[in-house]
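Taking it in order: structure first as structure tokens, then the write-up.
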Amino acid sequence: MYRPLYLVDASVYIFRAWFAVPEAVRDERGACANAVYGFGAFLCDLIEYEGASHVVCGFDESLTTSFRHGLYPAYKANRPPPPPDLERQFAVCRALAEALGIVTLASPAYEADDLIGSAARHWRAAGHHMVYVTADKDYAQLLEAGDWWWDAARDRWLDPAGATEMLGVAPAQVADLLALAGDSVDNIPGVPGIGRKTAAALLAAFGSLDALYEDTAAVTASGIRGARRIRGLLESHREQAFLSRELSLIRTDVRIDHDHAAAGWRGTDPAALERLALPGQLRNRARRLTCEGATQ
């Protein structure tokens with residue numbers, strides 16, 4: 001059956017829970033569990049209320065060790081490391097997702113978006129279309145016909161046409177947009193002096209970064225405002241533009257060691273659940289999912 005596969009960018013919802021749920025929320029051992037509680041409740045909602053029958057969570061274990069840091073050591077250098085207590089809760093969140101019967105993906109070399117992009121390619125072959133559960137607009141580059149980008153916290157849904165309207169470029173052009181305009185969130189430099197509006201205009205005129213650099217002389221006659229200056233910026237920062245695209249491009253070729261049936265939700269693992277220290281209310285809710293899952 002052609003069913004949607006929900007691909008969850010776990011870090012987004014763990015961070016949101018960390019900031020949104022009071023620190024007073026504790027597990028049964030007395031440790032702070034606000035991120036665990038919020039993320040666990042989100043996963044239960046996804047299964048119970050959204051009716052997600054196929055779910056995969058991508059986790060970041062490569063905040064300082066991904067292949068992108070080898071290409072550009074300053075990549076994400078503007079981001080402070082998570083506090084130790086949040087880092088501890090990240091590990092519990094992954095174990096909780098697995099105990100809930102959800103496939104999890106993590107790697108020291110690849111980021112969650114690479115794992116999710118590769119999972120999409122892997123499970124698309126089984127007939128699924130994708131729901132990218134994230135607030136990160138960079139995921140728009142993965143959208144194909146029948147897919148959705150969903151910011152669950154704001155309940156905002158975008159299909160490929162909606163993403164194009166929002167970003168000003170088609171999904172296939174998103175990495176090229178970031179190559180030109182850069183991304184301050186991830187400390188990707190882009191081409192200094194070129195913003196997103198100009199980058200979108202260049203891609204509308206030339207189609208891709210490769211086509212643009214095949215004939216930068218044509219920029220002068222393009223009619224884009226400040227074309228002569230833009231041409232000079234492009235020619236002065238060619239290597240940086242292509243490096244920025246490599247940093248921005250979500251990989252889809254990471255090996256996924258799960259068969260096509262693995263993403264189907266079959267209920268939680270009671271023994272794994274009992275091994276975890278959780279807030280009592282969350283544990284009780286997860287147990288109810290176990291009972292419901294056993295009858296499906």
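Which condition does LEU96 not pass, out of (1) at positive phi; (2) more than 18 Å from the chain's Cα centre (by Cα), if it passes all the others?
(1)
Enumerate the pairs (first residue in region 215-241 and closer than 14 Å to GLY193 by Cα; second residue anywhere and exposed (fewer than 13 other Cβ atoms within 10 Å of the Cβ)) with beta-carbon separation below 9 Å, excluding pairs fewer than 6 apart on the same chain, so at least 6 apart or on different chains.
Pairs found: ALA227/ALA221; ARG231/ALA217; LEU233/PRO192; SER236/PRO192; HIS237/PRO192; GLN240/PRO192.
State which residue pairs qualify: first residue basic (Lys, Arg) and inside region 44-72, second residue surrounded by fewer than 17 Cβ atoms within 10 Å (Cβ to Cβ) in any location, beta carbons under 9 Å apart, and separation of 6 or more residues or different chains.
From residues that are basic (Lys, Arg), the pairs are ARG68/GLU246.
Test GLY223 against the stated conditions and say whether it is more than 30 Å from MET130 (Cα to Cα), at pLDDT 95 or above and either outside any loop (DSSP other than H, G, I, E, B) or more than 25 Å from the chain's Cα centre (by Cα) (or both).
Details: more than 30 Å from MET130 (Cα to Cα): yes; at pLDDT 95 or above: no; either outside any loop (DSSP other than H, G, I, E, B) or more than 25 Å from the chain's Cα centre (by Cα) (or both): yes.
Criteria not met by GLY223.
Output the number of residues of region 136-193 satisfying the condition of being without any contact (Cβ under 8 Å) to a residue 12 or more places away in the chain and of a type in the set (Ser, Thr, Tyr).
Residues flagged as without any contact (Cβ under 8 Å) to a residue 12 or more places away in the chain and of a type in the set (Ser, Thr, Tyr) within region 136-193 amount to 1.
Okay, residues lined up against (1) crowded, with 19+ Cβ neighbours inside 10 Å; (2) part of a helix (DSSP H, G or I):
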site: TRP150; (1), (2): yes, no
site: ALA161; (1), (2): no, yes
site: MET166; (1), (2): no, yes
site: ALA172; (1), (2): no, yes
site: THR198; (1), (2): yes, yes
site: LEU203; (1), (2): yes, yes
site: ASP210; (1), (2): no, yes
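Looking at region 1-110, what helices (runs of 4 or more DSSP H) fall wholly within it and have at least 2 residues that are farther than 26 Å from ILE188 by Cα and of a type outside the set (Val, Ile, Thr)?
Working: elements: 10-20, 34-48, 67-71, 84-99.
Where helices (runs of 4 or more DSSP H) fall fully within region 1-110 and carry at least 2 residues being farther than 26 Å from ILE188 by Cα and of a type outside the set (Val, Ile, Thr), they are 10-20, 34-48, 84-99.
Considering only residues that are at pLDDT 95 or above and surrounded by fewer than 17 Cβ atoms within 10 Å (Cβ to Cβ), look in region 31-66 and name the one that is nearest to the chain's Cα centre (by Cα).
In this case the residue turns out to be ASP45.
The values are calculated or read from the model by the stated rules, or taken from the named source; none is laboratory data. Here the structure is a predicted model, which means the values were calculated and not measured. All Cβ positions, even for glycine, are placed from backbone atoms using ideal geometry, and neighbour counts span all protein chains on display.
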